[in-house]
Amino acid sequence: MSISSNGDRPGGLDDLGWDSFFQDHFLALGLTGTVPGRVVSESRGSFRVACRDGEVTAMVSGGLRFRAGEERRYPAVGDWVAVQLLTGEDRGIIQTVLPRKSYFSRKAPGPRTEEQVVAANIDTVFIVSGLDGGRSFNVRRVERYLTLAWGSGAAPVLVLNKADLCPDVDAFVRRVESVAPGVPVHPASALEKTGLTALWTHITPGSTAAFLGSSGVGKSALINALLGEERLETGEIRDRDHTGRHTTTRRELLLLPGGGMVIDTPGMRELQMWAGEEGLEGTFRDIEELARDCRFSDCRHAAEAGCAVKAAIDRGDLDPARLASYRKLQKELRYTALKEEQGVRRFEKQRWKNRMKGKPDWP
């Protein structure tokens, strides 16, 4: 979808979320010959950027490409960028990425310990699960998404799609609420277009929401329902395990008819953690609050005397599986942080060697 296809957007960049925060940072750059724009899609290193007068196809500059590894400022969908427009062409060169208000990231798939930004400058994260059976609903997976969402700086909202296929929706709502204290939970049906009003309460003009979840949970179908038309491709679900195939192959920012924007993302087969302790604190607020009453400040909630967390489990107030999930994610986050730190040290060591030999910092 071309976000500027109507050609006469009222308010210009304001409709895309431009505000004084980005304005001040753009002016502080002092990059003459550039204009601000928002990345609306990315495919194989080529970007579509929405500017005040329309969209352009853009590539990153050589300087930005070299700096991106150190500054983690490679453009992502939702980013605001300073782009140099090429005269007489619908093309441009992205010179830099403006500071982000928020961003959702994960560990990049594969063996290398690198951060992959999924979407930037988002206000609301819709975490979608399916109520059609199989692997579409998993509270442990919900906890993983919530941990990343709380660490992103955006507000998480849980959506239980395909409510029309579930005989006891309230039971699933209660299960999700038990692992997501304080997070809004909305049942919905993209097929029957029910529950959409509740979703609209989280989308305001100029705001951006991202839809996240596994393949087959109906993210694209929900966005189509909000758009009021079948704009995004949706796929069939396998009968044996209710798993969907990846119909969304790239991240894309879409302008909604009532104002506001949504970012559709591919389903994630591999959701490896990349978040700080604040993500865990938001997701496991109940355990964090219990831990404050432990006798020892470094309590591991195992066999220590005076452990308030274990006492809550013994009373039946806390599910042991939730504590196990907390420990698992905590261990995973710490391991990732350690691997990243080791990678940074190797990077700095190699850069120092290059400088001593009179070589460029980067190959």
So the strands (runs of 3 or more DSSP E) completely within the range 25-89 holding 2 or more residues that are in the same structural domain as residue 251 (by TED's automatic domain parsing), in contact (Cβ under 8 Å) with a residue 12 or more places away in the chain and among the hydrophobic types (A, V, I, L, M, F, W, C) are none
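Among the residues of the range 142-173, what is the count of those that are at pLDDT 90 or above, farther than 18 Å from residue 79 by Cα and of a type outside the set (Val, Ile, Thr)?
To start, the set of residues in the range 142-173 that are at pLDDT 90 or above comprises 142-143, 146, 154-173.
Next, only the ones that are farther than 18 Å from residue 79 by Cα stay: 142-143, 146, 156-173.
Retained after the next criterion (residues that are of a type outside the set (Val, Ile, Thr)): 143, 146, 156, 158, 160-168, 170-172.
Final tally of qualifying residues: 16.
For the range 13-28, enumerate the residues that are exposed (fewer than 14 other Cβ atoms within 10 Å of the Cβ) and over 15 Å from residue 78 (Cα atoms). Steps first, answer last, please.
To start, the set of residues in the range 13-28 that are exposed (fewer than 14 other Cβ atoms within 10 Å of the Cβ) comprises 14, 19-20, 24, 27-28.
Across the range 13-28, the qualifying residues are 20, 24, 27, 28.
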Picked from the range 269-310 (must be at pLDDT 85 or above, of a type in the set (Gly, Ala, Ser) and surrounded by 15 or more Cβ atoms within 10 Å (Cβ to Cβ)), the residue farthest from residue 117 (Cα to Cα) is 308
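Would you check if residue 92 is buried (at least 17 other Cβ atoms within 10 Å of the Cβ), outside the structural domain of residue 200 (by TED's automatic domain parsing) and in a loop (DSSP other than H, G, I, E, B)? Break it down into steps so the answer makes sense when it comes.
Details: buried (at least 17 other Cβ atoms within 10 Å of the Cβ): yes; outside the structural domain of residue 200 (by TED's automatic domain parsing): yes; in a loop (DSSP other than H, G, I, E, B): no.
In short, no.
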Output for Cβ contacts, cut-off 7 Å, separation at least six or different chains, first residue assigned by TED's automatic domain parsing to the domain that holds residue 300 in the range 313-334, second assigned to a helix (DSSP H, G or I) and among the basic types (Lys, Arg), reads 325/140; 329/144
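Restricted to the range 242-260, and to residues that are on the phi < 0 side of the Ramachandran plot and at pLDDT 90 or above, which residue is nearest to the chain's Cα centre (by Cα)?
Pass one, the range 242-260, residues on the phi < 0 side of the Ramachandran plot: 243-258.
Adding the requirement that they be at pLDDT 90 or above leaves 253-256.
On the way: 253: 13, 254: 15, 255: 18, 256: 19 Å.
Residue satisfying both the conditions and the ranking: 253.
The values are calculated or read from the model by the stated rules, or taken from the named source; none is laboratory data. Remember, it's a predicted structure, so these values are computed and weren't measured experimentally. Backbone-built Cβ (ideal geometry, glycine too); neighbour counts: all protein chains shown.
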